[in-house]
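*Asks:* Pasting a structure here, questions to come.
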């Protein structure tokens with residue numbers, strides 16, 4: 001029998017082999033992870049989004065407050081990350097913010113939501129994260145049937161509001177400083193774009 005060679009500075013490969021390989025993670029194995037990191041599950045692979053920075057969290061706090069105030073008047077729930085959102089069997093994403101209608105909240109069984117009316121993502125700026133938000137999550141949220149998707153991009157200073165038509169998102173609006181972003185789904189929900197960037201700075 002060949003004995004394991006332990007080299008200082010190397011990962012503990014024996015421990016790593018106790019876990020599934022990328023592409024083979026199940027929903028049960030994903031939900032059993034005990035970690036304080038953001039982790040998503042897509043197509044059997046674990047995805048590790050970048051750690052939020054101060055600017056990201058400042059924007060998140062502002063949008064959370066605005067949407068929370070809307071919920072107090074109109075109903076529904078707004079929930080921030082970290083919170084896994086089940087999009088399909090074996091598919092979990094962690095949107096920065098998600099909004100549940102009153103009916104959706106009442107229909108949830110278990111510890112994690114499996115539906116949302118609206119999700120928001122704040123782009124962190126790195127190329128990999130931009131692809132994740134603009135391409136991968138756009139595809140996954142559309143396939144899950146989420147009616148509205150907001151992409152908040154502080155690098156480009158633009159907010160895209162996308163609405164679901166059929167199985168794909170189309171642009172409801174592209175909002176820049178001086179504009180007021182509006183929802184196609186939530187009557188009366190508006191966000192002055194300049195206030196978002198002011199919160200970040």
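*Asks:* Label-point separation (nm) for residue 72 and residue 29, each offset 7 Å from Cα along Cα-to-Cβ?
*Replies:* 4.5
*Asks:* Among 86, 72, rank each residue by its count of other Cβ atoms within 10 Å, from fewest to most, as a rough exposure measure.
*Replies:* Result, fewest neighbours first: 72, 86.
*Asks:* Given points 7 Å out from each Cα along the Cα-Cβ axis, report the residue 21 to residue 176 separation in nanometres with one decimal.
*Replies:* Those two pseudo-labels are separated by 4.8 nm.
*Asks:* Based on the Cβ-Cβ distance from residue 54 to residue 194, what FRET efficiency comes out when R0 is 22 Å, to the nearest 0.05? All intermediate terms of the calculation are to be shown ahead of the outcome.
*Replies:* Working: r = 19 Å, r/R0 = 0.87.
Efficiency, from the Cβ-Cβ distance: 0.70.
*Asks:* Right, next: As a footprinting exposure proxy, order 114, 140 by other Cβ within 10 Å, with the fewest listed first.
*Replies:* 114, 140
*Asks:* Return the percentage of antiparallel bridges among DSSP beta bridges fully within segment 29-152, rounded to the nearest 5 %.
*Replies:* Approximately 75 percent, going by the DSSP bridge assignments.
*Asks:* Moving on to the next point. Can you give me the angle between helix 54-74 and the longest principal axis of the chain, using Cα atoms only, in degrees from 0 to 90, rounded to the nearest 10?
*Replies:* Here the helix axis deviates by roughly 50 degrees.
*Asks:* What number do you get for the chain when its Cα radius of gyration is normalised by 2.2 N^0.38 Å, N = residues?
*Replies:* Values: Rg = 18.8 Å, N = 201, 2.2 N^0.38 = 16.5 Å.
Computed over Cα atoms of the chain, the ratio equals 1.14.
*Asks:* Where does the chain land at 222 nm, in deg cm²/dmol rounded to the nearest 500, when only DSSP H runs of n ≥ 4 count, each adding -39500 (n - 2.57), divided by all residues?
*Replies:* -7500 deg cm²/dmol
*Asks:* Students often check this: by mean Cβ neighbours within 10 Å, which of 27-37, 141-151 ranks highest, and how do the rest follow?
*Replies:* 141-151, 27-37
*Asks:* Let me ask you something else. Using Cβ counts within 10 Å as a stand-in for footprinting exposure, how do 45, 71 rank, fewest first?
*Replies:* Neighbour counts put them in this order, fewest first: 45, 71.
*Asks:* Can you tell me which of 101-108, 73-80 comes out highest on packing, and rank the rest after it, using the mean Cβ neighbours within 10 Å? Show your work: numbers first, answer last.
*Replies:* Numbers: 101-108: 13.8, 73-80: 15.9.
The peptides rank, most packed first, as 73-80, 101-108.
*Asks:* Of the candidates 191, 109, 161, which one comes out as most mobile in a Gaussian network treatment of the chain with C-alpha springs shorter than 10 Å?
*Replies:* 109
Throughout, read-outs are computed from the coordinates displayed, never taken from laboratory work. Small disclaimer: the values here were computed from a predicted structure and weren't measured. Glycine also receives a Cβ, built like all others from the backbone with ideal geometry; neighbour counts cover every protein chain displayed.
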